[in-house]
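What follows is a short report on a single structure.
The values are calculated or read from the model by the stated rules, or taken from the named source; none is laboratory data. Fair warning: this is a prediction, and the values are worked out from it, not measured in the lab. Every residue, glycine as well, gets a Cβ built from its backbone with ideal geometry; the counts of neighbours run over all protein chains shown.
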Amino acid sequence: MAQNKEYLVPRSHSPLLNHININPIADTSSTRSDQENDLGFYQKASASAHGMSTDSRQNDGFQDDSSRNGPMDCVSSQSTAIEASGNVDKCNQHQQDECNNYTKPRLDVNNLTYTIRATSGHWWSGNLLRPARRKQVLKNVSMSFKRGEINAIVGTSGSGKTSLLDVISGRAEGQVDGVVSYKHEQCTRAMMRQKASYVIQADRLLPTLTVRETLTYMAFMKLPGKLSFKEIDQKVQKVIIVMGLLHVADSRIGGAVIRGVSGGEKRRITIGVQLLKDPEILLLDEPTSGLDSFTARHLVSTLRNLAHEGDKLVLISIHQARSDIFNTIDRVAILTDGQLAYLGPPSQMVPYFTSIGYPCPKHQNPCDVYTDLTSVDRRTLSREAETSSRAKEICEAYETSELRQNMIENKNIHSSAYRYHDNSDATSSAQADGPSWLRIFLCLLERMNVHLWRERTRLLGRIFQHAFFVPFMILYIGRVDNDMGGIQDRMGLLYQTVQTGPYIALTNVVAIFPVLRETFYRETHDGLYSTATFLTAYFVHALPFNIISSTLFSTFLYWVVGFKADLLTFGMFVLVTVIMAQFGEMISVGFLGVIRSVQLACDSTALLFNTLAFFGSGLIRSLATMPLVLKRIGYICIQKYSTEILVGNEFHNLQFDCDNEPGVCATGNDFLASRYPGVMEHVTRNFIIIGGYSVLALGVAIVMFKARKIPTLY
Amino acid sequence: MEPGRTNQILKNVTFTARSGQLMAIMGGSGSGKTSLLDVVACRTTTGDITGHVLLNSVSRTKAIIDSCAGYVRQDDRLIAHLTVRETLMFVAQLKLPKSFSSQRVCDRVDEVIAELGLKHVANTKVGDANIRGLSGGERRRVSIGIHLLILPSVILLDEPTSGLDSFTATNIIRTLSLLAKKGRTILMSIHQPRFDIFSMIDSLMILSSGSVVYDGPANQMVDYFTSLGFPCPEHTNPCDFYIDLATVDPTSREREQKSREIIHSLHDAFSASAHASAEVVSFVDSDEVQKSMDLVRSRSPLAFEDNDKACTKDLRDLLRAYEMQRDTPGYFKQFFVILVRFLRVSSDDYPSILSKVIHALLMSVLLGTIYVDLKLDEQSVRDWFGIMFMSTVMYPYMVILGLTKQCHEERRFLYFELQDKLYSPVAYYFARILGEIPFHLVYIFFYCIPLYTIAGLKMDMYSMTMFFVVISASVFTSRCLAIMAAALMPTFQIAGVFAQIIFSLLLMSAGFFLNLDSIIPELSWMSDINYIRWSFQALSIVEIKDLRFDCNASLVPAVCPSTGEQALAQYGLDDGNLGVAAAGLGGSVVVFLAITLIGIKFIPQKPQDD
């Protein structure tokens, strides 16, 4: 009945009508809905026919929406007027009826089936040989959510809550059948990137920054580049107020070691970051997990305010909703084993389940009772059979229920006409709109600097750790002698010089980089900047520190040990150590990009540095007597070239004391001629090569990061 | 350092847990639930405790508590590679009196397995995130089972349901309820129990920032609070509702103020109510706590009537349990049991063994390749020493960090097993070091063979055996160094840095990077006690001493060593023979192990979880 009538909506109304809610899905009280649809269709132009006590806010939403978004309901961009009018044209020409019929913007999930390839172990446990199991995580799910409401998906672990959010946000990695659409457009990743924000379960924030700084840096990287600093400050301030973070705005976030803001506040910051862009849809995966009951309730009520007053579509997944949280939510979906067991307002849940034969005992939380009722107990086979058949029964009951009928009827009207949005112009407009590369780059750089500056011990480590190594190297000998044993001592010291730079860089990277990597993963997930931007910023960030620490190291070592007293060779010595440190820095970073485990990455990098030095330096095995194949391998090692510079400078024209062995005496030139022939001619070439290597290391790091995809963050 | 603030965690808490009942302590986080259990179980390490904890009227000491109570912690600290039966067997062998025959120990383990309904998984590995094994609920049962082996009359559990799904949690509580029905006293803390769990609890106590706001039968809680003017709304779990009521709401200032007032009134109401005064039942018999007895007696004289007879019987039971508990196996048995477990766990972890073998092979092939095709001319003299030195240090360098880390990971259960007085740390360390030797020899074998053959060292039996022996000895010494570092230092990071600093000091003074003759005389003792130097020297003596070098192409013939002995002299490795080297290595082992023993005696092995 409702179906027929809705076709009667006049088609070419003013754009204002777009926002009038004639969507009967809000009327889930099953017996009255038909009646109300009759009336509603005519009356809802004034948005007052809702059975629920939401009249006033519907009105608010209505005004809000129309004043802010204007006539752009069908299109993804709300940025510029020109674009908007263009899209209206498009609307009028092709998709008129949808534009007009759809009033309160709505997110529809239609017959969604989501299949993933389940792997049952690591590849080394023979997994490659077994065929991958295909697992249906979501089975033919249809649901519909409205803007201006807070919706929750409830279910035990493994029921498909997170998968559903993944699919909606366009992050699905498996096979998706069925359609997810928002405002009648099929959701694509690019579109969802603009309209929706996905708040993941983990808070990955830099512990040293204050709340305001965190949000400001994110705003610089997220918001259009044409905004002035002042406007950005205002936006940040607004988010701080909305999320109730005013009292901690200038406190550091803190982590395991430094105490900072509380867990609930961290979660608020994570959500606040996603609000900067003012998305229409806010998806949150288990926002209350790990929070105590008050904090959780407070957070959900903030989200509710966001939905109602900010006119957003808020969709959260929740594991165990306590009754106080449960009652603040507008609509609840219960998922079990990938199927929908209930979707409707919480107040209707007990009546509905009672009507199909499952009443709720007096002192029990209906949400707990009904999630348990629908979930499958897999501990014993008989229990599993029993519970899964019950779950199936309930899902089937829901399929045929009036609750669902209402939703489906309402949706079927246009199910044939999903528009496949041409997302190329969406992305291009997003790019034109976003901040410039330089702005992001400088912002990243500044944030890294601030972060390091606040981590005092790490900062001191960065500057002095390299020089700290010198006493260990010179403890036993003090100064190098000029006798035959002096050759051995020099080679040992030069080997250590070539090797410590990369090693110290590695230890610094291991200490500093993993936190940055975490934030990088989160932010690049949001599509804020590219791997190359991030790593280039890190390269630039690390360079001055490597210059300072290597200069300290070199000065200390060079003059105390008594290498050749010549300023030019000293300068080259410094330059070589700086370049080696920078090279080591970027290679270590690259390994951390490929290997998630910090310890394993550290070990592999150290092994690589050793191997390179063994083959390249000639200080462990002399290059002159090496078989040709190995010599060739040596050519790709940066250590070959840096050692040549150092050894050449030190031994060139070196005279040994031959007092106790009169007559015959070797010189440094003899040594060079026999072990490193021709090094003095190649100094410039060698510098160009090692300089090139350290820049190349940046490229290698980028490639290594790209080779391993960004992890899924849960 | 700022002066430490004192923080009162528990405030004048009085309660009684009775046998045959399942009692729950509830409260929001930070209300003092776990602290209360810690105090009862004598597991507090810091802080002042006033008041008394009485066990059948005797003031409990740690020894008494250990003999008759089990304390199940929140997280399952089980070894993934053991089966359920092995896990329980290990504890049974150490905990049950030595008078028990092995058959009786087995029977006891079987009883516990049956009691907890673990029969179907008795021979399944416990497992963890990477190894398939038990489910979370079954794992929790095994943790409980460990404490049931001594047939305790009291079981304390900290959050037995945390991290479990609702079905499993309900099931665990059902099991506990059954255990209680058999006459045990069960006291557990629980956070946000669901209604089905709540309905199985016999009596419960709600704590709010350290003080009691309710203590009494579970089924009277709603009535009690309703009588105070706080009825429970329909379709709301009363536990959730009243725990929230008794928790400070920190979300805004006025709410905080308001909730504090409510809590205060609840506390006052409870102190005045019948629930509080009727339950104080305590009396004390032993002499050492006479004073406390008087104190308690003066407070509630009515409780001391006609129970004297029962009391003496209870006391006798207690004493018997206590006597039995003192009769646990000695050091040698402990050593043996731990050794068996260590071998069992290590050999079961074959991915780890395999990866270590591959690691050894990789290092070996790498080193062998670098030194392939060594010549006998002047330029190659340094390379000959290079291969000797590198084979000595390459492997230990990697072993040290790995082992330090492993030792720190083992603290995860070591600390708690020591706290439960399962065995002595000395027995543990000896078992650990000895247990490692067979694996160690296998890795060394895989390390030596490719290296030796690819580099083309001397192919006679004597040299090969000596090479293997020297490398094993030096790697073993490095292992002792790593264990020492792990035993002395509080965290893995510090231990790692400590071991690396020692190792690099040893590295530099070993005679390869720096010439032994040019080391300043004041520090030459450093290289004399340096085990790396001695193994380097021993290898050089075995492999290089008999070589002859070709000095014909030499630019400066006078400095070209034509024999191996001259080369050794040039490197300052000419004083000392294999015997001295053996003494140097052995001395280091003894010193490292002695320091380790001292370290574990005096430094607590707290695990570092982060």
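The residues listed here are A:Leu607, A:Leu600, A:Leu575; of these, the one that is surrounded by fewer than 20 Cβ atoms within 10 Å (Cβ to Cβ), under 22 Å from A:Thr507 (Cα atoms) and away from chain B (no Cβ under 12 Å) is A:Leu575.
Within the stretch A:470-493, the only residue that satisfies the criterion of being more than 8 Å from every other protein chain (Cβ to nearest Cβ) and buried (at least 23 other Cβ atoms within 10 Å of the Cβ) is A:Arg490.
Just one of the numbered conditions (1) at pLDDT 90 or above; (2) under 24 Å from A:Ser142 (Cβ atoms); (3) hydrophobic (A, V, I, L, M, F, W, C) is not true of A:Met349: (1). Here the stretch B:506-528 is the region considered, the condition is being at the interface with another protein chain (Cβ under 7 Å from one of its Cβ atoms) and surrounded by fewer than 16 Cβ atoms within 10 Å (Cβ to Cβ), and the residue that is farthest from B:Gly584 (Cα to Cα) is B:Ile520.
Quick one: in the stretch B:366-410, which of the residues that are more than 36 Å from the chain's Cα centre (by Cα) and more than 11 Å from chain A (Cβ to nearest Cβ) is surrounded by the most Cβ atoms within 10 Å (Cβ to Cβ)?
Looking at the filtered set, the residue picked out is B:Met388.
Of everything in the stretch A:437-465, what is of a type outside the set (Gly, Ala, Ser) and either within 14 Å of chain B (Cβ to nearest Cβ) or not in a helix (DSSP H, G or I) (or both)? Give them in sequence order. Break it down into steps so the answer makes sense when it comes.
Of the stretch A:437-465, the ones of a type outside the set (Gly, Ala, Ser) are A:437-460, A:462-465.
Within the stretch A:437-465, A:Glu455, A:Thr457, A:Arg458, A:Gln465 qualify.
Being free of Cβ contacts under 8 Å to residues at least 40 places away in the same chain, of a type in the set (Lys, Arg), under 22 Å from B:Val340 (Cβ atoms) and out of contact with any strand residue (DSSP E or B) (no Cβ under 6 Å at 6 or more places or on another chain) holds for only one residue in B:Arg104, B:Arg141, B:Arg108, and it is B:Arg104. The requirement of being outside any loop (DSSP other than H, G, I, E, B), within 12 Å of another protein chain (Cβ to nearest Cβ), crowded, with 16+ Cβ neighbours inside 10 Å and touching a residue at least 12 places away in the same chain (Cβ under 8 Å) is satisfied by B:Ala567. If the condition is being within 39 Å of the chain's Cα centre (by Cα) and under 26 Å from A:Asn653 (Cα atoms), then the stretch A:551-570 contributes A:Thr551, A:Phe553.
Among the conditions (1) more than 12 Å from chain A (Cβ to nearest Cβ); (2) assigned to a helix (DSSP H, G or I); (3) at pLDDT 85 or above, B:Ile454 misses just one, which is (1).
Please verify whether the stretch A:338-347 includes one or more residues that are closer than 22 Å to A:Ser317 by Cβ and assigned to a helix (DSSP H, G or I). So far as the stretch A:338-347 goes, yes, one or more of its residues are closer than 22 Å to A:Ser317 by Cβ and assigned to a helix (DSSP H, G or I).
Would the stretch B:419-430 turn up any residue that is of a type in the set (D, E, K, R), within 14 Å of chain A (Cβ to nearest Cβ), surrounded by fewer than 17 Cβ atoms within 10 Å (Cβ to Cβ) and under 15 Å from the mean Cα position of the chain (by Cα)?
Restricting attention to the stretch B:419-430, the residues satisfying the condition of being of a type in the set (D, E, K, R) are B:420-421.
With within 14 Å of chain A (Cβ to nearest Cβ) added as a condition, the list becomes none.
So far as the stretch B:419-430 goes, no, none of its residues is of a type in the set (D, E, K, R), within 14 Å of chain A (Cβ to nearest Cβ), surrounded by fewer than 17 Cβ atoms within 10 Å (Cβ to Cβ) and under 15 Å from the mean Cα position of the chain (by Cα).
For the stretch A:353-368, a residue qualifies if it is in contact (Cβ under 8 Å) with a residue 12 or more places away in the chain, more than 8 Å from chain B (Cβ to nearest Cβ) and not in a helix (DSSP H, G or I), and the qualifying residues are A:Ile356, A:Tyr358.
Condition (residue is under 23 Å from A:Lys235 (Cα atoms), away from chain B (no Cβ under 14 Å) and in a helix (DSSP H, G or I)) applied to the stretch A:309-324: is it met by at least one residue? Yes, the stretch A:309-324 contains at least one residue that is under 23 Å from A:Lys235 (Cα atoms), away from chain B (no Cβ under 14 Å) and in a helix (DSSP H, G or I). Annotation note: of A:Arg267, A:Arg297, the sole residue that is in a helix (DSSP H, G or I), touching a strand residue (DSSP E or B) at 6+ places or on another chain (Cβ under 9 Å) and of a type in the set (Lys, Arg) is A:Arg267.
Across the stretch A:369-389, the number of residues qualifying as in contact with an Asp or Glu (Cβ under 9 Å, 6 or more places away or on another chain), within 11 Å of chain B (Cβ to nearest Cβ), in a helix (DSSP H, G or I) and crowded, with 18+ Cβ neighbours inside 10 Å comes to 2. Scanning the stretch B:135-178 for residues that are small (Gly, Ala, Ser) and farther than 21 Å from B:Asp420 by Cβ yields a total of 7.
So is B:Ala169 at pLDDT 85 or above, crowded, with 21+ Cβ neighbours inside 10 Å and of a type in the set (Gly, Ala, Ser) or not?
Numbers: at pLDDT 85 or above: yes; crowded, with 21+ Cβ neighbours inside 10 Å: yes; of a type in the set (Gly, Ala, Ser): yes.
Against the criterion (at pLDDT 85 or above, crowded, with 21+ Cβ neighbours inside 10 Å and of a type in the set (Gly, Ala, Ser)), B:Ala169 qualifies.
Find the residue count for the stretch A:669-694, including only residues that are at negative phi and either more than 12 Å from every other protein chain (Cβ to nearest Cβ) or at pLDDT 90 or above (or both). Residues in the stretch A:669-694 being at negative phi and either more than 12 Å from every other protein chain (Cβ to nearest Cβ) or at pLDDT 90 or above (or both): 16 in total.
Output the residues belonging to the stretch A:165-183 that are among the aliphatic types (A, V, I, L, M) and more than 16 Å from A:Arg117 (Cα to Cα). Hits for the stretch A:165-183 are A:Leu165, A:Ile168, A:Val179, A:Val180.
I'm checking my understanding of the structure. Among residues of the stretch B:60-80 that are over 24 Å from B:Glu159 (Cβ atoms) and surrounded by fewer than 19 Cβ atoms within 10 Å (Cβ to Cβ), which one is farthest from the chain's Cα centre (by Cα)?
It comes out as B:Thr61.
Output the number of the condition that B:Asp373 fails; it satisfies all remaining conditions of (1) more than 30 Å from B:Ser540 (Cα to Cα); (2) of a type in the set (D, E, K, R); (3) not in a helix (DSSP H, G or I). Of everything listed in (1) more than 30 Å from B:Ser540 (Cα to Cα); (2) of a type in the set (D, E, K, R); (3) not in a helix (DSSP H, G or I), B:Asp373 misses just condition (1). When the test is whether a residue is within 26 Å of A:Gln194 (Cα to Cα) and without any contact (Cβ under 8 Å) to a residue 12 or more places away in the chain, A:Leu459 does not pass it. Selection of helices (runs of 4 or more DSSP H) fully inside the stretch A:624-710 by the criterion of at least 2 residues being among the small types (Gly, Ala, Ser) returns A:638-651, A:668-675, A:683-707. Would a scan of the stretch A:500-518 turn up a residue that is surrounded by 22 or more Cβ atoms within 10 Å (Cβ to Cβ), within 12 Å of another protein chain (Cβ to nearest Cβ) and touching a residue at least 24 places away in the same chain (Cβ under 8 Å)? Within the stretch A:500-518 (the criterion being surrounded by 22 or more Cβ atoms within 10 Å (Cβ to Cβ), within 12 Å of another protein chain (Cβ to nearest Cβ) and touching a residue at least 24 places away in the same chain (Cβ under 8 Å)), the answer is yes, since at least one residue qualifies.
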